[in-house]
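The values are calculated or read from the model by the stated rules, or taken from the named source; none is laboratory data. Everything numeric in this text was worked out from a predicted model, so none of it was measured. Cβ coordinates were reconstructed from backbone atoms using ideal geometry, including for glycine residues, and neighbour counts include every protein chain displayed. Ligands, DNA and RNA are excluded from the accessible area calculation, which covers all protein heavy atoms including side chains. Shrake-Rupley method; radii C 1.70, N 1.55, O 1.52, S 1.80 Å.
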Amino acid sequence: MADFKDSQKNPGSNSQKTSGPNAQKNPGSNSQKTPGPSSQKNPGSSETGEVKPEQPEPRRSLKTKFKASKFKKVITSPMGFLGFIIVLIIILLAIFAPLIAPYDPLEINIAHMLEGSSSRFIMGTDNLGRDIFSRIIYGSRIALMVAIPAIIFGVIVGMFLGIISGYSTERVDSFFIVLFDTMRSLPAIIFAITVLAIIGPSMYILPIIMGITRVPIYGRLIRASTLRVKENEYVTASRALGGSSLSIMFKHILPNVIAPLFIQAAMDIPVMITFEAGLSFLGLGVPPPTPSWGHILRTGYLNVRQAPHIVIYGGIALILATLGFTLLGETLRDVFDPKLQRRGNL
Amino acid sequence: MFSYILRRATLIIITVLGAIILLFILFQFMPGDMATILLGPRASESLIEDYRQRMWLDRPVYMQLARFLGNILRGDLGVDVLNYIPVSRLIMNVLPNTIILAVSSIFLACLIGIPLGVFSAANRGSPIDLLTGMLSISMITIPHFLAGLLALLLFAVHLGWLPAMGGGAAGEPLDQLRHLALPAFSLALGWVGYLARLTRATVLEELGEDYVRTARSKGLPEKVVLYKHVLRCSLIPVIAVIGVGFGNLMGGAVLIEIVFHRPGLGYLIYNAIQTRNFPVLQGGLIVTIFLYALANFIADLSYSYIDPRVRGE
């Protein structure tokens with residue numbers, strides 16, 4: 001059973017180079033089939049540390065140097081640089097929002113409803129006279145505050161389930177495979193709107209629900225790498241030395257399978273930002289009046305004839321954010337995943 | 001091949017069953033009493049009691065589950081609590097719209113995306129290639145619903161070329177086509193970029209193969225090599241990805257249908273949530289689960305047909 005499930009992943013090797021940034025379109029299809037060759041090839045591999053533990057110092061510095069040069073590579077590529085700059089701007093906007101935003105994003109101003117751009121309101125106002133520029137700046141906070149916890153939740157849960165699935169007996173593994181497939185049998189957005197409709201929108205539960213939709217994808221990714229890594233000699237050796245399953249899983253296997261997961265997670269940030277915006281657009285995400293980009297777009301949609309500027313400015317913010325994170329994520333993947341870089345060069 | 005199909009089918013049936021049971025559990029968590037929610041606050045005590053008995057709400061949960069699964073097997077998805085129309089009929093009315101939207105989007109995406117990818121690969125490294133690359137990535141990063149909003153703003157509100165809402169009058173194909181244009185375009189946009197990049201990558205990979213060198217050394221024109229030999233081979237992974245992605249298009253279709261008020265499965269589900277019409281919501285979700293599983297099953301089969309190694313025989 002397990003063999004056949006693995007072989008299932010081979011055809012996907014074609015699609016792995018495309019690990020689409022918009023994974024909602026192809027959720028899992030790429031990622032789960034990406035057997036992540038980097039686990040062996042990655043500079044971060046701790047295999048070397050296992051063999052000669054008595055000389056950690058020079059090795060570590062070499063490793064850091066290697067990693068630093070890779071990050072330099074990310075920054076110096078034109079796509080990576082552009083992505084890095086956009087992401088940096090968004091993060092700075094999120095951190096310093098109160099200093100940059102000219103108005104309070106919640107301040108209602110009935111006298112200036114649905115106004116276009118002016119020297120007073122750079123991007124105009126919405127249906128309640130709130131300054132759109134300020135709302136967009138504060139919106140970057142919400143986008144990151146929802147997307148990043150969602151990714152972290154998905155990564156932690158997916159990692160645990162995936163490593164247990166890959167390391168356990170075939171029966172347990174089959175159970176997890178069915179569980180992952182079951183979790184994927186509803187499109188993420190439909191799953192999220194259903195759960196949110198039942199329990200009601202909440203800023204705190206939102207990242208968890210969004211994170212759950214990534215669990216099967218991360219779980220399968222880690223499972224596939226674990227299946228390969230657990231056959232290595234050092235795992236057999238530590239088992240022979242009497243290491244417990246728990247210590248083998250988390251001390252020896254985990255460091256060797258985590259790299260592709262991090263790359264995938266980095267590439268999923270724009271997916272989560274879009275996801276949150278979509279849910280808020282439907283009125284099921286971040287509860288109003290919190291300034292989320294999805295809300296701004298919703299207001300713009302509802303007033304599209306009178307005030308088209310709202311959709312345009314809100315849309316530009318969302319597009320720039322997803323573009324920045326996608327460019328950075330893809331450059332990270334290309335640099336840290338040599339095999340994909342060689343084959344894909346997208 | 002047959003044993004492979006059987007194994008996949010079994011796994012998919014288990015998955016669907018698991019998903020439906022999960023859905024049932026999810027609905028158990030709904031705050032409040034089901035009968036009161038469904039019948040509304042003004043329902044009398046006796047009416048609620050009668051409904052509870054009729055719907056087995058007074059029985060143990062496992063019996064409710066058995067009844068639930070039994071009804072689904074018989075194709076009975078319950079009755080709409082607002083209009084007393086069978087949910088299955090409601091869904092059958094709108095389902096073709098969603099399928100038409102998904103199919104036409106994929107078709108449109110292939111029509112634009114694949115030639116774009118080949119063109120890009122043929123001009124590798126040129127400014128045109130760079131431009132197409134940037135264009136593709138921009139198309140991928142624009143969320144579906146935002147593409148829909150911007151298309152609505154430009155073509156329906158600003159230019160007034162195409163209708164902004166609805167699915168078109170029944171029995172008038174031309175009107176329906178006009179109503180389909182913007183939603184299909186918005187849903188296809190991301191896929192155009194995606195397919196362009198995928199095709200470009202596979203074509204570049206194929207160009208390094210021996211048979212290409214042979215074809216070139218025979219003196220075949222570059223166009224023949226590219227379009228007759230290379231494209232045919234490089235389309236295999238593209239077709240496979242389309243198969244997998246088709247099911248996922250459903251997710252995108254939900255938001256697009258809402259933006260354009262287009263009657264479809266996604267719009268039905270969203271409206272059911274808004275009006276708290278839970279039988280319709282439940283029925284819509286079950287049909288989505290089935291469609292999704294079916295799309296994945298077909299994708300699996302096409303994979304195994306294209307690449308026999310998958311079957312693991």
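Enclosing the Cα atoms of the stretch B:35-181 in their convex hull gives a volume equal to 215 cubic angstrom per residue. Largest first, the residues A:184, B:67 sort by 1.4 Å accessible area into B:67, A:184.
Each Lys and Arg contributes +1 and each Asp and Glu -1, all at the Cβ; summed about the Cα centre of the stretch B:87-312, the dipole is approximately 220 debye.
Under the rule a/c < 1.5 gives rounded, and otherwise a/b versus b/c splits prolate from oblate, where does the stretch A:173-271 land using the Cα gyration tensor? Taking the square roots of the gyration eigenvalues as a ≥ b ≥ c, the stretch A:173-271 is prolate. About its Cα centre, the stretch A:213-273 has a charge dipole of approximately 120 debye under the convention of +1 per Lys or Arg Cβ and -1 per Asp or Glu Cβ, with nothing else charged. Using a ≥ b ≥ c from the Cα gyration tensor of the stretch A:282-327 (square roots of the eigenvalues), is it rounded, prolate or oblate, where a/c under 1.5 gives rounded and otherwise the larger of a/b and b/c decides, a/b for prolate? Here the stretch A:282-327 falls in the oblate category. Counting Cβ atoms of other protein chains within 10 Å of each residue's Cβ and taking the mean over peptide B:43-56 gives 0.
Remark: the stretch B:2-73 projects, on average over all directions, an area of 5.6 nm² (convex hull of Cα atoms). Taking the protein heavy atoms of the stretch B:2-73 in the context of the full set of protein chains, the accessible area attributed to carbon and sulfur is 68 percent at 1.4 Å. A simple count of charges around residue B:117, restricted to other residues whose Cβ falls under 11 Å of its Cβ and scoring Lys, Arg +1 and Asp, Glu -1, yields +1. Radius of gyration over Kirkwood radius for the stretch A:229-268, both on Cα atoms: the Rg/Rh ratio is 1.12.
Please report the base-10 log of the normalised intensity I(q)/I(0) for chain B, using a Debye sum with one equal scatterer per alpha carbon and no solvent, at each q in 0.07, 0.12 (1/Å). Cα-only, vacuum Debye calculation for chain B: -0.39, -0.95. Would you calculate the separation in nanometres between label points at residue B:17 and residue B:44, each defined as 7 Å from the Cα along the Cα-to-beta-carbon direction? Reported label-point gap for residue B:17 and residue B:44 is 4.4 nm.
Please compute one quarter of the surface area of the Cα convex hull for the stretch A:77-339 and express it in square nanometres. Result: a mean projected hull area of 16.6 nm². In plain terms, the bigger the Kirkwood radius, the slower the diffusion; for the stretch A:65-190, with that radius from Cα pairs, at 20 °C and 1.002 mPa s, Stokes-Einstein puts D at 113 µm²/s.
Estimated at the nearest 10 Å², the accessible area of residue A:113 is 90 Å² with a 1.4 Å probe. With a 1.4 Å probe rolled over the protein heavy atoms of all chains, the accessible area of A:330, B:205, A:231 falls in the order A:231, B:205, A:330, largest first. Computing Rg and the Kirkwood Rh from the Cα coordinates of the stretch A:202-346 gives a ratio, Rg/Rh, of 1.15. Among the helices of chain B, those built from whole DSSP H runs whose Cα atoms reach 24 Å or more along their own axis and whose mean Kyte-Doolittle hydropathy is at least -0.5 are B:2-28, B:87-122, B:173-207, B:231-259, B:278-306. Counting only protein heavy atoms and a probe of 1.4 Å, the accessible surface of the stretch A:231-274 is 65% carbon and sulfur. A Förster radius of 56 Å, combined with the Cβ-Cβ distance separating residue B:172 from residue A:240, puts the computed FRET efficiency at roughly 0.15. Estimated at the nearest 10 Å², the accessible area of residue A:319 is 40 Å² with a 1.4 Å probe. Taking only the alpha-carbon positions of the stretch A:120-217 and ignoring solvent, what does the Debye formula give for the base-10 log of I(q)/I(0) at q = 0.21, 0.24 Å⁻¹? Values returned for q = 0.21, 0.24 Å⁻¹ are -1.05, -1.16.
Convex hull volume of the Cα atoms of the stretch B:95-230, normalised per residue: 138 Å³. Per-residue ellipticity at 222 nm, computed for chain B from helices alone with -39500 (n - 2.57) per DSSP H run of at least four residues, works out to -24500 deg cm²/dmol.
Taking every alpha-carbon pair under 8 Å whose residues sit at least 6 apart, chain B reaches a relative contact order of 24 percent. With K and R counted +1 and D and E -1, the other residues having a Cβ less than 12 Å from that of residue B:231 yield a net charge of +3.
With R₀ set to 41 Å, the beta-carbon distance separating residue B:71 from residue B:157 gives a calculated FRET efficiency near 0.40.
Estimated from the Cβ-Cβ distance and a Förster radius of 41 angstrom, the FRET efficiency linking residue B:123 and residue B:99 is about 0.65. Inter-chain neighbour count for B:145-154: the average number of beta-carbon atoms from partner chains within 10 Å of each residue's beta-carbon is 6.
Remark: accessible surface ordering of B:172, A:233 (largest first) is A:233, B:172, probe radius 1.4 Å. Taking all Cα pairs closer than 8 Å and separated by 6 or more residues, the relative contact order of the stretch A:77-339 comes to 28 percent.
Based on alpha-carbon atoms only, what is the radius of gyration of the stretch B:39-119 relative to the globular estimate 2.2 N^0.38 Å? The value comes to 1.84. The Cα atoms of the stretch B:198-290 define a convex hull whose projected area, averaged across directions, is 8.1 nm².
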